[in-house]
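Reviewing the structure listed below.
Read-outs: derived from the displayed coordinates by stated rules, not from any lab. Bear in mind the structure is a predicted one, so any value in this text is a computation, not a measurement. Here the Cβ positions follow ideal geometry from the backbone for every residue, glycine too, while neighbour counts run over all protein chains shown.
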Amino acid sequence: MNGGRGASARIVVLALLWGSGFLWIKLALTGLSPVHLTLVRCALGALTLLGLAIAARQRLPRDGRTWARLVVAAFFCNALPFALFGIGERTVDSGVAGVMNATTPLWSLLIGVALGTERRLNPARLLGLVLGFAGILVIFAPWQQSGLLSTGALALLGAGLSYAVAFAYMARKLPPDGAPLALSAAQLLTATGLTALALPVASAAPHLTLTAVVAVTVLGVFGTGITFYLNYRILSDEGPTAAATVGYLLPVVSVALGALVLGEPLTVRVVGGMAVVLVAVGLTRWQPAQARANCPASSAGGLATPK
């Protein structure tokens, strides 16, 4: 499965699993609140990764410092954004949620500039930032009644920002330790515990339906657990460029599935805004050839990180 058709197959499968995640969230919300959805999703993802870690003979972290850092990572990378996507998709189409997920690199670049860690803000990347947020405005059309100030829209933007904060923190505090499956399982276990603390403020008790149960199971096992393993394989076998490709396919998959399965309107505005956002993300990732040679990428830049 290394290279060639095997690598392409993994990229397609990963894009389908991640891109369909927003569809499964929408379906799971028919019987679960955002808090319950997040809790079950994290728990199932953790169990899946724990099984994969055991099979790979990887052990969970044993030192208290790592677990303390995992609390921060789990909150910003899992518990908070998962819940915000649930809140957002109560009122916003699943396809639009997928597009908003792709804005994470825009937030990451802004955070890098604010912290002084991002010094290569060349004209192309600056143009990417402007275009990216212009694309968001096109999608949400603030001149219409629902506008950019709707709770759902703000929740989706907040989820993308939360991922960016998490990536900045994890890059500094949780470097790879040779056991990525175990570390991710530990992170999702921590996220499960954090989400459980929010159960008393859950908006409503679960109303389990077959659709909701199937959707949250697929989302937890495949859309959260298996996707990490596939992304890990692509990163290790093919490199970050191949992994980043998934990030560009993800919103296309989410918009297509939303239209085909849920009958969400495929308007010119949404498609145009999605295209602008993807072009903008590409520009923010652009670096001169010399800079790329001196600073080889070590990750997928937030685009292909399990959501």
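Peptides 182-189, 262-269 ranked from most to least packed give 182-189, 262-269, packing being the mean of other C-beta atoms within 10 angstrom over each peptide's residues. Couplings 3J(HN,Hα) for the range 195-205, derived from phi with the Karplus relation 6.51 cos²θ - 1.76 cosθ + 1.60 (θ = phi - 60°), are 5, 4, 5, 8, 4, x, 9, 4, 5, 7, 6 Hz, where x marks Gly and Pro. Take every pair of alpha-carbon atoms less than 8 Å apart whose residues are at least six positions apart; their mean separation over the length of the range 1-114 yields a relative contact order of 41 percent.
Stretched out straight at 0.36 nm per residue, the stretch from S8 to R65 would grow longer than its current Cα-Cα span by 16.7 nm.
Model label points for A275 and T91, set 7 angstrom from Cα along the Cα-to-Cβ axis, are 3.0 nm apart.
Peptides 35-43, 52-60, 8-16, ordered by how many other C-beta atoms sit within 10 Å of their residues on average, highest first, read 35-43, 8-16, 52-60.
Write down, largest first, the equivalent ellipsoid semi-axes of the range 4-157 in whole Å, where each equals the square root of 5 times an eigenvalue of the alpha-carbon gyration tensor.
Values: eigenvalues 167, 104, 66 Å².
Three semi-axes, in Å: 29, 23, 18.
Comparing Cα centroids, the range 111-137 and the range 22-42 end up 32 angstrom apart.
Sorting the segments 214-223, 97-106, 81-90, 123-132 by their residues' average number of neighbouring beta-carbon atoms within 10 angstrom, most packed first, yields 97-106, 81-90, 214-223, 123-132.
Could you give the length gained by full extension between I54 and L199, i.e. 0.36 nm per residue of separation minus their alpha carbon distance, to one decimal place?
Result: 49.2 nm gained on full extension.
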